[in-house]
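Presented below is the structure to which this report refers.
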Amino acid sequence: MHERERHRIILSAVQEKSVVTIQDISELTEASEATIRRDIAALHVQGKIRRVRGGAEAVHPPQLGNLAGRPFRVSESVNIDKKRAIARAAVDLCEAGDAIIINGGTTTFQMVHYMAGHRLQVMTNSFAIAEHLVKHSKNTVTVPGGAIYREQSLILSPFDNDAIRNFYARRMFIGAQGVGPLGIMEADALIIQSEQKLMHQADELVVMVDSSKFNRRSSLILCALDRVSVVITDDGIPDEAARMIENAGVRLVVASPVAQNVKEDSSSVA
């Protein structure tokens, strides 16, 4: 990753989360911790961030009320080829006329590029996914009521009486912060609350995660592995993780990232 792109990610990360660690940024950019230290030092000299022990902090701390987890714009370009391959495999599971739920996330967002020729009934709590599908496809799009969280591009509602309870789906597609023996992990309680409400409306749960997520952990469990029907990941999945998925009785789909074979529409969401 080019230095300019690493700097952009670091600046976006500290704007949304006042303090970020060198390890966090190293995972985001797939750069060494030594490289990240140099980047932080350069940005500190420029007055764009403050260097602190083990990481960096914002010069002007963000407003309170943001969700935990990486902001959408920070994560969107991370492991992009893997995410596109996973998304293509996810759309391949859909048949004409299917009703599906797509939870917000940067991996699930990549599904929109392969849905232009489909006619699906889609419920999504992702503002970015809804906007793209409305503009660039003939799919029917439904969104729940609620507040828009700009950083994650999510629509979350605290109320039970919304459009979600009247929508039935064959499958729900979600991303995750991590996958481990205890189940599917997320970073924020509000996100878990929203996802669990959506999960009640779908027969099958399809988890879309790149292979790095099998090495990540979070303190919050969304659901156990036995609630999952399918896990879609890339061919970098560790053998131990593959055995864990299969031993849980979950179907494992491995998608190979081949950038030159990926076909997507030319449009994008700002």
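A few remarks follow.
- Cα centroid separation, the range 195-235 to the range 19-33 (Å): 24 Å
- Modelled label reach - E57, point 7 Å along Cα→Cβ, the range 1-43 residues with backbone N closer than 19 Å: 10-25, 37, 40-43
- Per residue, the accessible area of the range 73-255 comes to 42 Å² when a 1.4 Å probe rolls over the protein heavy atoms.
- Once both labels are positioned 7 Å from their Cα atoms along Cα-to-Cβ, the gap between Y168 and A116 label points is 3.4 nm.
- Residues K135 and E5, FRET efficiency given R0 of 35 Å [Cβ-Cβ distance, rounded to 0.05]: 0.85
- Rounded to the nearest 5, the antiparallel percentage of DSSP beta bridges internal to the range 73-255 is 30%.
- Close amide H pairs (under 5 Å, H built 1.01 Å from N) link G180 with M185, residues at least 5 positions away or on another chain.
- Mean sequence separation of contacting Cα pairs (under 8 Å, at least six apart), scaled by the length of the range 3-64, corresponds to a relative contact order of 39 percent.
- Database remark: amide H of L154 closer than 5 angstrom to the amide H of F127, Y149 (H placed geometrically; neighbours at sequence offset of 5 or more, or on other chains; Pro and chain starts carry no H).
- Karplus-derived 3J(HN,Hα), 6.51/-1.76/1.60, for each residue of the range 223-237, Hz, glycine and proline x: 6, 6, 4, 6, 7, 8, 8, 9, 10, 10, 9, 9, 6, x, 4
- Where only C-alpha atoms are counted, convex hull volume of the range 73-255 per residue in Å³: 103 Å³
- 5 angstrom amide H check on V52, placed H, neighbours 5+ away: E57
- Solvent-accessible area of the range 73-255 (1.4 angstrom probe, protein heavy atoms only): carbon and sulfur portion equals 47 percent.
- Taking the average, over residues, of other Cβ atoms within 10 Å as the packing measure, peptides 117-130, 24-37 rank 117-130, 24-37 from highest down.
- Per residue, in Å², the accessible surface of the range 3-64 once ligands and nucleic acids are set aside, probe 1.4 Å: 60 Å²
- Calculated FRET value between T21 and A96, using beta carbons and R₀ = 45 Å, to 0.05: 0.45
- For the range 164-229, share of DSSP beta bridges that run antiparallel, in % to the nearest 5: 55 percent
- Lys, Arg +1 and Asp, Glu -1 on Cβ, resulting dipole of the range 73-255 about Cα centre, debye, nearest 20: 320 debye
- Sulfur and carbon atoms: percent of accessible area, the range 4-59 [1.4 Å]: 46 percent
The values are calculated or read from the model by the stated rules, or taken from the named source; none is laboratory data. Here the structure is a predicted model, which is why all the values come from computation and not from measurement. Here the Cβ is made from the backbone with ideal geometry for all residues, glycine too, and neighbour counts use every protein chain on show. Note: accessible area is taken over every heavy atom of the protein model, side chains too, but ligands, DNA and RNA are not part of it. Shrake-Rupley method; radii C 1.70, N 1.55, O 1.52, S 1.80 Å.
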